[in-house]
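Here's the structure, in structure tokens; my notes come after.
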Amino acid sequence: MPSASTRDTLFSPVELRSGQILRNRIAKAAMEEGLAGKAQLPDRRLIALYRRWGAGGAGLLITGNVMVHAEALTGPGGIVLDADSPLEPFAAWARAGKAAGAAMWMQISHPGRQVQANMPGVVWGPSEIAVDVGRHSKRFGRPVAMTAEQIHETVTRFATTAERAERAGFDGVEIHAAHGYLLSQFLSPLVNDRSDEWGGSLANRARILLDIVRAVRSVVSPEFAVAVKLNSADFQRGGFDADDAHTVIGMLAGLGVDLVEVSGGSYESPAMSGRPTDGRTAAREAYFLELAAELAETSPIPLMLTGGITRIDTAERVLAKNVAVVGLGTALAVTPDLPDRWRDGLGAAGALKPVTWSDKPLAALAQMAQVRYQMRRMAAGKDPALGIRPALALLADQREKSRALRRYSRWLASTRRERAASPASRVTTH
């Protein structure tokens, strides 16, 4: 059992650069819910889910991916907030998460090349290098290298989404530059082989991220939090590594960033689910603690660490390494009130069945499917069902995605027709 002083530290407030104060150092980290309603908007399910998490005692709730480009989604159940989205559904979502005193931040993202092959829309990347997950590679679309115009438009899209998130009542945004999504792709020398101003040196590869941070800061208020989710490493030989992360954090320091969340991996090396391909992350809890601790020694920006944390003693170890905020993901899908339970001296309600399949990409999908199964239950007002078998959870997830894909395809086709009839569209789609 942790000491009283440990508990006091974990539940002490933290003030960020913007002046925003988080009531404690526990954050609900982003998990992709796949629960978009009509027109890719949040509906009663996400509102119910975040109201429950908000009542569980965390100081900060970070949403799952909210996509800045309607043509580019990580999955068909993704939420979209762009220049044309109505704000009231997002305002209701923010109110639900904040109702019990937690801060509510929106994670904003672009998938780049990590788009399923059966999805309509675009598959963009810094280069034409496709996702390589062995025999599962055909599940992903073939990327095309982005033009300079598309890069500039993407910067604008991130800023537009952030500005509208603040108008809807969110307290901050987290720019997703980890897990192999678009900004992470630009940072990685394994994926970015451009020879122009966005390729080559790390300064060039980081250019789009830095431009996005500047653009976001320029359109939101000073007290609105701006965070970045960054890989501590890609966990692939020759990829983005801890030295690169240290350098990028230094680049971000003067741009008004409140917090950097440290994570790692990508679809090719899913370290974020505890299964890196190069074997560097062995611990089942606090996957990236060793690397985060190294970064925290010199980081001019407070760090948040996410990855497998389920016990209060692990959270204590994280804080002892000069990390400012502890991120909980799967643990809150299993025990949504875990922060309050920790405060009361209790532990988690249980654990999901481990996925030990030898096929690592499929095992990662099954593990994520188990988590989404719990989120769907809580969104429907039910309690988590921890006994769900990984294979059944994966089948249920595929059924949900099939239904969502039909809805998204119809909506995107309708949106394209509307935009084609309105030549005053703010940015192009292709």
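Dipole magnitude for the stretch 348-430: about 360 debye, using +1 per Lys or Arg Cβ and -1 per Asp or Glu Cβ, origin at the Cα centre.
When only the Cβ of Lys, Arg, Asp and Glu is charged (+1, +1, -1, -1), the dipole of the chain relative to its Cα centre reaches about 1760 debye. Once volume of the Cα convex hull per residue in Å³ is calculated for the structure shown, the corresponding label among (1) 123; (2) 160; (3) 177 turns out to be (1). Evaluate the distance, in nm, between pseudo-label points positioned 7 Å from the Cα of residue 136 and of residue 91 along their respective Cα→Cβ axes. The two pseudo-label positions are separated by 4.1 nm. Here residue 28 is the anchor, and the aspartates and glutamates within straight C-alpha reach of less than 15 Å, apart from those fewer than 8 places off in the same chain, are 171, 174, 261, 337, 340. Positive-end ranking of 368, 328, 347 along the dipole of the stretch 283-406, with charges on Cβ about the Cα centre, is headed by 368. The Cβ shell under 13 Å around residue 151 holds other residues with a net charge of -1, Lys and Arg each +1, Asp and Glu each -1. In the context of the full set of protein chains, the stretch 6-351 has a per residue accessible area of 33 Å² (1.4 Å probe). In this label model, residue 398 and residue 221 are separated by 4.8 nm, measuring between points 7 Å along each Cα→Cβ vector. In order along the stretch 86-98, the phi-based Karplus estimate (6.51 cos²θ - 1.76 cosθ + 1.60, θ = phi - 60°) of 3J(HN,Hα) comes to x, 8, 4, x, 6, 5, 5, 5, 5, 4, 5, x, 8 Hz; Gly and Pro are listed as x.
For residue 139, the solvent-accessible surface with a 1.4 Å probe is about 120 Å², rounded to the nearest 10. To put it simply, the accessible area of the chain at a 1.4 Å probe is 50 percent carbon and sulfur. Remark: the stretch 61-146 carries a charge dipole of roughly 340 debye about the Cα centre, counting +1 on each Lys and Arg Cβ and -1 on each Asp and Glu Cβ. Model label sites at residue 298 and residue 320, defined 7 Å from Cα along the beta-carbon direction, differ in position by 2.5 nm. Positive contributions from Lys and Arg (+1) and negative ones from Asp and Glu (-1), summed over other residues with Cβ under 15 Å from the Cβ of residue 299, come out at -4. Positive-end ranking of 69, 55, 106 along the dipole of the stretch 50-107, with charges on Cβ about the Cα centre, is headed by 55. With Cα atoms as the point set, the stretch 15-80 shows a radius of gyration and Dmax of 13.7, 37 Å. Can you work out the Karplus-derived ³J(HN,Hα) for every residue in the stretch 302-315? Use 6.51 cos²θ - 1.76 cosθ + 1.60 with θ = phi - 60°, whole Hz, and x for glycine or proline. Ordered by residue, 3J(HN,Hα) equals x, 10, 10, 10, 10, x, x, 7, 10, 10, 5, 5, 5, 4 Hz. Beyond 17 Å, the tail of the calculated P(r) for the stretch 320-388 holds 52 percent of the Cα pairs. Taking 60 Å as R0, compute the FRET efficiency from the Cβ-Cβ separation of residue 167 and residue 358 and round it to 0.05. So, using R0 = 60 Å, E works out to roughly 0.80. Straight Cα distances below 21 angstrom link residue 360 to the lysines 138, 401, with same-chain residues fewer than 8 positions distant left out.
The values are calculated or read from the model by the stated rules, or taken from the named source; none is laboratory data. Just so we're clear, the structure is a prediction, and the values are computed from it rather than from any experiment. Here the Cβ is made from the backbone with ideal geometry for all residues, glycine too, and neighbour counts use every protein chain on show. Quick note on the areas: whole protein, heavy atoms, side chains included, nothing else; ligands and nucleic acids left out. Shrake-Rupley method; radii C 1.70, N 1.55, O 1.52, S 1.80 Å.
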